[in-house]
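Enquirer: Please see the structure below; I have some questions.
The values are calculated or read from the model by the stated rules, or taken from the named source; none is laboratory data. Bear in mind that the values here come from a model prediction, so they are computed numbers and not experimental data. So basically every Cβ, Gly included, is an ideal-geometry build from the backbone, and we count neighbours across all protein chains shown.
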Amino acid sequence: MNTVNETRMIFRTGRDATVIPAGAEVTLTGNGGVKVSDCRSIRIYCASRESSACPVTLVLMAAEGEETLAPLDRIVLAPGEKATRAYDVPGTSLILSVQADRGGGAASLDAILYGYGSRGIFGGTSRG
């Protein structure tokens, strides 16, 4: 089996960000999540746009197939805040969901997930 040690983008929200109405929760990656089993480690970059009217919480959940197993992390961002974090791969898939705090308006979130791999050749890039 060929192996490649490189960093690749494996998920991103759309170019115009994901808009979440205040008080709502949105799953960014679908029920099956993003495949991370080809990665040794992953890095999430997320940003709440300046135009957001409320804070957002990005939730990372380890998953196997369609089953959500356990929370990996929660990242809380005020409007205009950014964060980046790295993790050892927690399983075969990762589900990303975002919750906007209650109040008026909506929040806009950008999220990009990178994988660093040596477990095999990466597949394609997933877009939310």
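The rows are residues; the columns are (1) modelled with pLDDT under 95; (2) over 30 Å from ASN5 (Cβ atoms); (3) out of contact with any Asp or Glu (no Cβ under 7 Å at 6 or more places or on another chain); (4) among the hydrophobic types (A, V, I, L, M, F, W, C).
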{"position": "GLU50", "(1), (2), (3), (4)": "no, yes, yes, no"}
{"position": "LEU58", "(1), (2), (3), (4)": "no, no, yes, yes"}
{"position": "GLU64", "(1), (2), (3), (4)": "yes, no, yes, no"}
{"position": "PRO79", "(1), (2), (3), (4)": "no, yes, no, no"}
{"position": "THR92", "(1), (2), (3), (4)": "yes, no, no, no"}
{"position": "ILE95", "(1), (2), (3), (4)": "yes, no, yes, yes"}
{"position": "ALA100", "(1), (2), (3), (4)": "no, yes, yes, yes"}
{"position": "GLY104", "(1), (2), (3), (4)": "yes, yes, yes, no"}
{"position": "ARG119", "(1), (2), (3), (4)": "yes, no, no, no"}
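Enquirer: Just the residues that are touching a strand residue (DSSP E or B) at 6+ places or on another chain (Cβ under 9 Å), of a type outside the set (Gly, Ala, Ser), farther than 17 Å from THR13 by Cβ and in contact (Cβ under 8 Å) with a residue 60 or more places away in the chain, please, taken from region 78-107.
Expert: As a first pass, look at region 78-107 and keep what is touching a strand residue (DSSP E or B) at 6+ places or on another chain (Cβ under 9 Å): 78-101, 105-107.
Restricting the remaining residues to those that are of a type outside the set (Gly, Ala, Ser) gives 79, 81-82, 84-85, 87-90, 92, 94-96, 98-99, 101.
Next cut, farther than 17 Å from THR13 by Cβ only: 87-90, 92, 101.
ASP101, the sole residue that qualifies.
Enquirer: Just checking, how many residues over region 40-58 are within 15 Å of the chain's Cα centre (by Cα), buried (at least 18 other Cβ atoms within 10 Å of the Cβ) and either more than 16 Å from LEU96 (Cβ to Cβ) or not hydroxyl-bearing (Ser, Thr, Tyr) (or both)?
Expert: Number of matching residues: 6.
Enquirer: I'd like to verify a number: residues in region 66-106 that are surrounded by 18 or more Cβ atoms within 10 Å (Cβ to Cβ), more than 12 Å from the chain's Cα centre (by Cα) and not small (Gly, Ala, Ser), how many?
Expert: Within region 66-106, residues that are surrounded by 18 or more Cβ atoms within 10 Å (Cβ to Cβ), more than 12 Å from the chain's Cα centre (by Cα) and not small (Gly, Ala, Ser) number 4.
Enquirer: Which residues, counting only those in region 40-65, are farther than 10 Å from LEU113 by Cβ and among the hydroxyl-bearing types (Ser, Thr, Tyr)?
Expert: Step one: filter region 40-65 for residues farther than 10 Å from LEU113 by Cβ, giving 40-41, 47-59, 61-65.
Result: SER41, SER48, SER51, SER52, THR57.
Enquirer: Against the conditions (1) among the charged types (D, E, K, R); (2) within 20 Å of GLY104 (Cα to Cα); (3) at pLDDT below 95, where does ARG40 fall short? Just the number, please.
Expert: Here ARG40 meets the rest and fails (2).
Enquirer: OK, next. Output the residues belonging to region 69-84 that are under 15 Å from THR57 (Cβ atoms) and among the β-branched types (Val, Ile, Thr).
Expert: Keep residues of region 69-84 that are under 15 Å from THR57 (Cβ atoms), which gives 71-79, 81-83.
Listed by number, the residues that qualify are ILE75, VAL76.
Enquirer: Just to verify a result, which residue in region 5-39, among those that are surrounded by 21 or more Cβ atoms within 10 Å (Cβ to Cβ) and over 14 Å from TYR114 (Cβ atoms), is farthest from the chain's Cα centre (by Cα)?
Expert: Of everything passing the filter in region 5-39, ILE20 is farthest from the chain's Cα centre (by Cα).
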